[in-house]
Amino acid sequence: MNFYDELIIELKELVLKNDFETALLKINQELSMPYVPSDIEEQLLEFKTQIFEQISKKANSNNNLNAEYILQLLKSSDREQQAFGINFLNKINLRDKLNDVSELLTLEKIDNSIKTLILFTLKEQEINKSFDVLYSGVQQSWNPIEIDFENNFKFITEIDEVISKSIENENPGIAHDAKMLNINFYLNNLDKFNNSFLNEKAAAFILIAIEMLEEKKEMSYIKQWFNFDEDKAHEILKEIKGYEQ
């Protein structure tokens, strides 16, 4: 019996025991390897699909939302389970789970993006309370009611519109990646987000998206679509790349 045979047997046992976190960690670790045989890769991806189907069933057991299980997903060390759990959070009455929410916001293993979405959900549920939040390694105090998500998302949408009107017709893939960079940068940098330098930020996201395809372009290349301050765009570009590292 070779390594892969043993891995598949182990994954089957983990799924049977509902130990989805360990199973996903092992699957993701193996998929990150430089080489995985195509038949094994296919099996690993099938396992991931099965696991998330099982997680969905547990989250909606007997057609009722399992609030405790959703919170357990968010407390997981596995980022995919955290991301899955955040999709259900707005269906929970968080006023009944404030101790759990407070704990989530201080856990180091939870990314800024998940914490931003937790704060957004708290605001949606009109919970007017200050929370201690460990964000970018710094303890901060935030009252979600005071965070201007509405205007922030409006600004993000405006950046997306600049991206759409510029490169989308020529290269939809680059436009998609630039928009993903836009929202992800916001979700991971709520503490230093500001509604300024619209075109400069759009230019930076487009340039990074182009570079992701291993294509090198100068900032001036973007000026064929819209005008902006190149110096400021370069400054923003460095900031974004700093966050990605």
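The values are calculated or read from the model by the stated rules, or taken from the named source; none is laboratory data. Note that the coordinates shown come from a computational prediction; the quantities given were computed from them, not determined experimentally. All Cβ positions, even for glycine, are placed from backbone atoms using ideal geometry, and neighbour counts span all protein chains on display. Note: areas computed on protein heavy atoms with side chains; ligands, DNA, RNA excluded. Shrake-Rupley method; radii C 1.70, N 1.55, O 1.52, S 1.80 Å.
With equal scatterers on the alpha carbons only and no solvent term, can you work out the Debye log10 of I(q)/I(0) for the chain at 0.11 1/Å? These q points yield log10 I(q)/I(0) values of -0.75.
Rounded to the nearest 10 degrees, the angle from helix 20-31 to the longest Cα principal axis of the chain is 60 degrees.
Placing pseudo-labels 7 Å out from each Cα toward the beta carbon at Asp191 and Asn87 gives an inter-label distance of 2.9 nm.
Could you work out how much longer the chain between Leu198 and Asn151 gets when fully extended? Use 0.36 nm per residue separation minus the Cα distance between them, nm to one decimal.
Values: separation 47, 0.36 × 47 = 16.92 nm, distance 1.32 nm.
Extra length available between Leu198 and Asn151 comes to 15.6 nm.
DSSP loop (so not H, G, I, E, B), at most 15 other Cβ within 10 Å: list which chymotrypsin sites (Phe, Trp or Tyr not before Pro) in the range 172-245 pass both filters. List each step's numbers first, then the result.
Numbers: sites: Phe185, Tyr186, Phe193, Phe197, Phe205, Tyr221, Trp225, Phe226, Phe228, Tyr243; in loops: Phe193, Phe197, Trp225, Phe226, Phe228.
Of the chymotrypsin sites (Phe, Trp or Tyr not before Pro), the ones in loops of the range 172-245 whose Cβ has at most 15 other Cβ atoms within 10 Å are Phe226.
Between Ser77 and Leu107, the simple label model (points 7 Å from Cα in the Cβ direction) yields a spacing of 1.2 nm.
Between Glu13 and Ser130, the distance separating the two model label sites (each 7 Å from Cα on the Cα→Cβ line) works out to 5.1 nm. Taking amide H as placed 1.01 Å from N in the peptide plane, the amide H of Tyr135 sits under 5 Å from that of Gln140, each at least 5 places away or on another chain. Per-residue Karplus couplings for the range 84-91, computed as 6.51 cos²θ - 1.76 cosθ + 1.60 with θ equal to phi - 60°, are listed in order as 5, x, 5, 5, 9, 4, 5, 8 Hz, Gly and Pro entered as x.
With +1 on the Cβ of every Lys and Arg and -1 on the Cβ of every Asp and Glu, and nothing else charged, how large is the dipole of the chain about its Cα centre, in debye rounded to the nearest 20? Display every interim value, and only then the final one.
Working: 26 positive and 44 negative charges, 138 e Å.
Taking the Cα centre of the chain as origin, the dipole is about 660 debye.
Highest mobility in the GNM of the chain, judged by mean-square fluctuation with C-alpha springs under 10 Å and restricted to Leu14, Leu190, Leu105, is found for Leu14. Protein-only accessible surface at a 1.4 angstrom probe places the residues Leu237, Leu98 in the order Leu98, Leu237, largest first.
Angle of helix 198-212 to the longest C-alpha principal axis of the chain, folded into 0 to 90 degrees and rounded to 10: 60°.
Tell me the GluC sites (Glu not before Pro) within the range 133-200 that lie in a loop according to DSSP and have at most 11 other beta-carbon atoms within 10 Å. Please list the in-between numbers first.
On the way: sites: Glu146, Glu150, Glu158, Glu161, Glu168, Glu170, Glu200; in loops: Glu168, Glu170.
For GluC sites (Glu not before Pro) across the range 133-200 that sit outside H, G, I, E and B with at most 11 neighbouring Cβ atoms in 10 Å, the list reads Glu170.
About its Cα centre, how strong a charge dipole does the range 149-243 have in debye, to the nearest 20, once Lys and Arg get +1 and Asp and Glu get -1 at the Cβ? Walk me through the numbers on the way to the answer.
Working: 11 positive and 18 negative charges, 18 e Å.
The calculation lands at about 80 debye.
Between Leu31 and Asn227, what is the FRET efficiency for a Förster distance of 45 Å, r being their Cβ-Cβ separation, to the nearest 0.05?
Details: r = 43 Å, r/R0 = 0.95.
The calculated FRET efficiency here is 0.60.
Diagonalising the gyration tensor over the Cα atoms of the range 149-243 and scaling each eigenvalue by 5 before taking the square root yields semi-axes of 19, 14, 13 Å, largest first.
Principal-axis analysis of the Cα atoms of the chain puts helix 149-166 at an angle of about 70° to the longest axis. Assign one of three labels to the range 110-179, namely rounded, prolate or oblate, based on the Cα gyration tensor with a ≥ b ≥ c the square roots of its eigenvalues; rounded applies when a/c is under 1.5, prolate when it is not and a/b is larger than b/c, and oblate otherwise. Prolate.
Taking Lys and Arg as +1 and Asp and Glu as -1, the other residues whose beta-carbon sits under 9 Å from that of Ile159 total -1.
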